[in-house]
Structures are given as structure tokens and as C-alpha cells.
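For reference, the structure is listed below as C-alpha cells.
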Amino acid sequence: MTIHLDDLAAYGWNPFFSAQLDPDDFSKAVAVRVIAVHRNALEVAGPDLAKKVPPYFSDENGNPDNATVGDWLLLDPDTLHPFQRLQRKSLFQRRAAGTQNKSQLIAANIDTLFIVTSCNQDFNIARLERYLVMAREADVTPVVTITKADQVDNAQDYVQAAAKLSPGLLVEALNARDPKCIEHLAPWCAKGQTVAMIGSSGVGKSTLINTLSGTRKITTQGIREDDAKGRHTTSGRTLYRLPGGGWIIDTPGMRELQLTDVKAGIETVFADILDLQGQCKFNDCQHEAEPGCAVLAALEKGDLEAERYKRWKKLATEEALNTSTQSERRNRDRAFGKTIKTAIKNKRR
Ligand SMILES: Nc1nc2c(ncn2[C@@H]2O[C@H](COP(=O)(O)OP(=O)(O)O)[C@@H](O)[C@H]2O)c(=O)[nH]1
Ligand SMILES: [Mg+2]
Ligand SMILES: [Zn+2]
């Protein structure tokens, strides 16, 4: 079997994945991308191949593994059974609540995150910052996509407000129903590029997928969001192929994400505050009332906006709290595990 890398590239394959294989691996495996996740199966696709495979499998060393939408899998060429998942370039995941230290995989190997909001009451700087933190943490390029520009006279005001959030931040205002947005968003939707979308319900994510793909594949809210069983029509995780060769996915599960383990993301989005912190007199400065606090000095001078400082404080506190709660839980579980082991040992004795 010969694999043409150019054909694979149409599915998002790039040198990052090639580097994980030896040249002769290509004759021993079929590389496919997970394009949809169902309860009992993964839908995978590659050049000349589209099929369902089990959602859980063992890698060649017998270790259990599972995959999410966007992942690359190697299939046995004879059985077409998955035996290896390739290392991910990026990953969105969320920590499951509860006592198990398990995370739910949301989407892998995403290049760009469209942070979707609209020119109306949905527009919220704190929420945009939250999503920016997630994008930065996952190593995915954010593009703030502001829909319903056709509904207001001052779309540029929204663009400017968003652009201020981070130097060089990409911001696009558009009408999600207008095919012109294909051109606007083309740089991120080119061949082999993968885009994920995040944003409140009703901002136009499904509309955008439909416009970009030139079809009415997805039910939008104007029609009906829920199907007969009351399930969200957009809750299934599927990568849609765009005519320009890109791939796009709506990620409903990410909206309510608690910020956990996103310290690096916060530090990137609030790099200015991180810089200031480094200049505080005390290493453990809380930036409340300490002498020699560079953060407070910047606030006073007007170099740091009070609102931005408040938003940073809120996110950083939430992150620290969730992350420590998680590690406390882990410790507790570990301690509990030890108790059981000791009990079993004692019993054997
Ligand atoms: N005028 C206008 N309406 C839009 C735009 N984007 C979305 N809509 C409408 O807003 C409603 C919600 O859109 P939908 O795509 O279902 O939002 P989702 O929940 O984010 O998937 C639908 O009635 C769309 O037609 C836009 O840019 N301009
Ligand atoms: Mg939708
Ligand atoms: Zn300080």
C-alpha cells in the first residue's frame, strides 16, 4: 500500500505527524483522521477510506487508549483496526468533575479557534478573555469572530474593543449569513487547516458552518435547535469539510469549561501583568497593599486598566482554586488508595 502524503494533507496531515513515523511505517499502517465521535464508535476518514472503528482500543504495547475528534490513528492494513494514536499537536480537554482524575477529550489537532461572539448583548470582554486563555493554553491560534455586523452601524467599535485585548490579536467582523465571510475567513480555512468554534448559543456558529460549507447541513436556531428527543442538534462532535479544503467543528462542550490547569494560558493573555509581577518587591506579593508593588503602581499611573486588573484577578483566583481543588482531590484519592492497599496487606498477613 502506498500512501500519498499530499492526499493525507487534505485531511490535515503535516510534517508534525510524518516526524512520528519511519518511512516504512507507511506500508505497515493506514493513517486516518477521526472526523466524528459517536457513543459507540469513531468515524475515521482518509484518502479512499471512510469507516467506523471502536472508540477504545489498545496500542501496540497493549495500553488502553482512546481518541477524540481530530485525532490521527494508525489502522492495521489487514483488519483496519486502530493500533496507535499519533501524538497530538494541540488538545482541548476538560477535567471531569468528581473524584476520578479523568479528563474528557474535546478535540485534537486544532489549528485555529474561532471565538464567536456577536455585535449585541452577547459581546462580553471577560468572556472573550476566558476563551483566549483556553486557546493559548491549548496552543491554538485564536481569531475573534464577531457576527451580526449587519445588525449594527458600529461593528468597528466591537472590533476595536476586542483587538485591544492582546497585541496582534486577529479580529474579524462579519455577517455569518453572507457568503462573503468565506473570503474573510479563508486564511484559516485553507486545505488541511482545522478550525474549532466556541461561543454562546445563538451567536451564529451553525450559521457560519453552513455559510462556509455552502450548504444547510446544520440546523440553526432560527429553525430549531433541539430535535424531537430534546437533544441539542449541534452536540454531536463532527469535523465538517469545507470546500476550500479546511475542516471545521463546533465544540459545545467547551462553553461551560471551568478554568483548570490554564496557568500558562492566563500568563500569555495577561503577559503585561506577569511582567509587572516580576517587578514587585516581594516574591509572594498579592498586589493588595504591599510596598513596592509594581502592579499597584501601574494601576495608579494608569498604565494598567483597573477593569483589566479585576478580570485578571478573577480568572487567576478561579484557576488557582479549581486547580488546587483538583490536586487535593487527587491527593485524597491517593491517600485512600494507600489505605486500601495497607488494609489488603494487613489482611493477607
Ligand atoms: N443577521 C444576522 N443573523 C445571524 C448572523 N449570525 C447568525 N444569525 C442568526 O442568529 C440565529 C442563531 O444562529 P445559530 O447559527 O443557530 O447560532 P449558534 O447557536 O451559535 O449555532 C439564527 O437565526 C441565525 O440566522 C449574522 O451574522 N447576521
Ligand atoms: Mg448551533
Ligand atoms: Zn505586587
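Is it the case that some residue within the range 185-200 is touching a residue at least 12 places away in the same chain (Cβ under 8 Å), within 16 Å of ligand 1 (Cβ to nearest atom) and surrounded by fewer than 17 Cβ atoms within 10 Å (Cβ to Cβ)?
Checked the range 185-200: at least one residue is touching a residue at least 12 places away in the same chain (Cβ under 8 Å), within 16 Å of ligand 1 (Cβ to nearest atom) and surrounded by fewer than 17 Cβ atoms within 10 Å (Cβ to Cβ).
Out of all the residues in the range 44-54, is one or more outside any strand (DSSP E or B), touching a helix residue (DSSP H, G or I) at 6+ places or on another chain (Cβ under 8 Å) and under 30 Å from residue 149 (Cα atoms)?
No, every residue in the range 44-54 fails to be outside any strand (DSSP E or B), touching a helix residue (DSSP H, G or I) at 6+ places or on another chain (Cβ under 8 Å) and under 30 Å from residue 149 (Cα atoms).
Quick check, is residue 112 at pLDDT 90 or above and in the same structural domain as residue 171 (by TED's automatic domain parsing)?
On the way: at pLDDT 90 or above: yes; in the same structural domain as residue 171 (by TED's automatic domain parsing): yes.
Against the criterion (at pLDDT 90 or above and in the same structural domain as residue 171 (by TED's automatic domain parsing)), residue 112 qualifies.
Would you confirm whether or not the range 38-52 contains a residue that is charged (D, E, K, R), at negative phi and under 18 Å from the mean Cα position of the chain (by Cα)? It would help to see each step written out before you state the result.
Initial filter on the range 38-52 (charged (D, E, K, R)): 39, 43, 48, 51-52.
Right, trim to at negative phi and you get 39, 43, 51-52.
Keeping just the survivors that are under 18 Å from the mean Cα position of the chain (by Cα) gives none.
Within the range 38-52, none of the residues are charged (D, E, K, R), at negative phi and under 18 Å from the mean Cα position of the chain (by Cα).
Mind listing whichever residues of the range 155-184 are touching a residue at least 12 places away in the same chain (Cβ under 8 Å), away from ligand 2 (no atom under 16 Å from the Cβ) and outside any helix (DSSP H, G or I)?
Within the range 155-184, 165, 166, 169, 170, 171, 172, 173, 174, 175, 178, 179 qualify.
When residue 130 is evaluated against the numbered criteria (1) touching a strand residue (DSSP E or B) at 6+ places or on another chain (Cβ under 7 Å); (2) modelled with pLDDT under 95; (3) part of a helix (DSSP H, G or I), which criterion, by number, is the only one it fails?
It is condition (1) that residue 130 fails.
Per-residue answers, yes or no, for (1) more than 16 Å from ligand 3 (Cβ to nearest atom); (2) under 19 Å from the mean Cα position of the chain (by Cα); (3) at pLDDT 95 or above:
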| site | (1), (2), (3) |
| --- | --- |
| 170 | yes, yes, yes |
| 174 | yes, no, yes |
| 189 | yes, yes, yes |
| 204 | yes, yes, no |
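Which of the residues spanning the range 1-17 are in contact with a helix residue (DSSP H, G or I) (Cβ under 9 Å, 6 or more places away or on another chain) and either crowded, with 17+ Cβ neighbours inside 10 Å or farther than 23 Å from residue 195 by Cβ (or both)?
1, 2, 3, 8, 13, 17
The values are calculated or read from the model by the stated rules, or taken from the named source; none is laboratory data. Keep in mind that this is a model prediction, so the values were computed, not measured. So basically every Cβ, Gly included, is an ideal-geometry build from the backbone, and we count neighbours across all protein chains shown.
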